[in-house]
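Following: one structure in structure tokens, then a few remarks.
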Amino acid sequence: HVGKSPIISLHTDHANNLWVGYLNSGFDRFTQNGLPNPIRLPELENLSVTSVLNDTNGGYWITTLEKGIFYYPNFFIQNHTLSDNTKILQVNSNKDFIIIGTQQGSILLIDTKTNQEATRKNLESAIHSLSLDPTNNRIWVYSGDRKLLILDDQLTLLKSNYANAITIISITNDGVWIQGGAKLQKLNKEGELKNEFFLDGLYRTLHVTNSDFIFGGRVGVEMISKDFSKKTIPEHFKNIKVKQIAALSD
């Protein structure tokens, strides 16, 4: 191997990659077979890399002649800066883009290939809930003015109606489940109401299974199947203050 400038350091990491440090030219990284194992760190490209330490947590400490030590906890975490004072309330994604809903009422699409903002839509109030339908890439959004919106993957509005959907519970093949206040509703994929169920109270936590909704309130638990039939809960749950519900493997 002929380096791009004088070689001043050689180090290996836990994965047996070889790091070759150069004078004023950053580094190269190679696998144990001598194949390039590329990683680009622009801030090091013109610096002299003198040592590379891979710690027990998987992080890398890289020393330079010119600017001291750089620490990278994870090379696969990328930073993306939004505009100042952006308060993010909701995030969802697929392989093509990341969807962000903000307190200020904006919906942003970030292209995952370029990490750049692809498009943006400004609404009148905060984005309280946001879900993505994986079958057609439609985006379901609930904003603070009690509007439930359906958008396409370019943020073009397809449908808008009034609903209480503080929590968009789940999008399944046969429809969309939404919950807000003391009401649980099922809509079809076009946003039309198909069924609804009035809950006994206001609930603050929810766990969804393949067949049931389990609500936890200030006190007590309520379980409703997806055909809207109410299930019996053991008496001893009646006065328990439920903070969280989780599933075990069995």
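Less than 5 angstrom separates the built amide H of Ala165 from none of the residues sequence-distant by 5 or more or on a different chain. Suppose the Debye formula is applied to equal point scatterers at every Cα of region 1-131; what is log10 I(q)/I(0) at q = 0.12, 0.17, 0.18, 0.20 Å⁻¹? Taken in order of the listed q values, log10 I(q)/I(0) reads -0.64, -0.88, -0.92, -1.03.
Are there GluC sites (Glu not before Pro) in region 184-250 that DSSP marks as loop and that have at most 15 other Cβ atoms within 10 Å, and which are they? Answer by residue number: Glu190, Glu192. Applying the criteria of a DSSP loop state and at most 12 other Cβ atoms within 10 Å to the chymotrypsin sites (Phe, Trp or Tyr not before Pro) of region 28-85 yields Phe75, Phe76.
Using θ = phi - 60° in the Karplus curve 6.51 cos²θ - 1.76 cosθ + 1.60, the 3J(HN,Hα) couplings for region 191-198 round to x, 8, 5, 10, 6, 8, 9, 8 Hz; x is entered for Gly and Pro.
For Gly144, the residues 5 or more places off, or on other chains, whose built amide H falls under 5 Å of its own are Ser125, Ala126, His128. For percent of Cα pairs over 22 Å apart, computed directly from the structure shown, the correct entry in (i) 67; (ii) 62; (iii) 72 is (i). Modelled spin-label separation between Ser93 and Glu190, with each label point placed 7 Å from Cα along the Cα-to-Cβ direction: 3.4 nm.
The packing ranking, built from the mean of other Cβ atoms within 10 Å per residue, places the peptides 93-102, 1-10, 107-116 in the order 93-102, 107-116, 1-10, highest first.
Each residue of region 210-219 is assigned a 3J(HN,Hα), and the resulting list reads 5, 10, 9, 10, 10, 9, x, x, 4, 9 Hz, derived from the Karplus form 6.51 cos²θ - 1.76 cosθ + 1.60 (θ = phi - 60°), x at Gly and Pro.
For Asn195, the residues 5 or more places off, or on other chains, whose built amide H falls under 5 Å of its own are Lys186.
Each of Tyr72 and Lys238 was given a label point 7 Å from its Cα along the Cα-to-Cβ line. The distance between the two points is 6.1 nm. The smallest convex shape that holds all Cα atoms of region 156-250, its convex hull, gives 121 Å³ per residue. Residues Leu151, Leu18, Leu65, sorted by accessible area with the largest first, give Leu65, Leu18, Leu151 [1.4 Å probe; ligands and nucleic acids excluded]. The fraction of accessible area contributed by carbon and sulfur in region 191-230 is 48 percent, rounded to a whole number (1.4 Å probe; ligands and nucleic acids excluded). Solvent-accessible surface of the chain, averaged per residue with a 1.4 angstrom probe and all protein chains in place: 60 square angstrom.
Our summary gives region 1-135 a relative contact order of 13 percent, counting only alpha carbon pairs under 8 angstrom and 6 or more residues apart.
Shown here is the pair-distance distribution of region 92-150: with all Cα-Cα distances grouped in 5 Å bins from zero up to the longest one, the shares run 4, 19, 31, 24, 15, 5, 1 percent.
Here the contact order of region 151-250, divided by its residue count and restricted to Cα pairs under 8 Å and six or more residues apart, works out to 15 percent.
The values are calculated or read from the model by the stated rules, or taken from the named source; none is laboratory data. Everything quoted here is computed from the prediction, not taken from an experiment. Cβ atoms come from the backbone with ideal geometry, glycine included; neighbour counts cover every protein chain shown. Note: areas computed on protein heavy atoms with side chains; ligands, DNA, RNA excluded. Shrake-Rupley method; radii C 1.70, N 1.55, O 1.52, S 1.80 Å.
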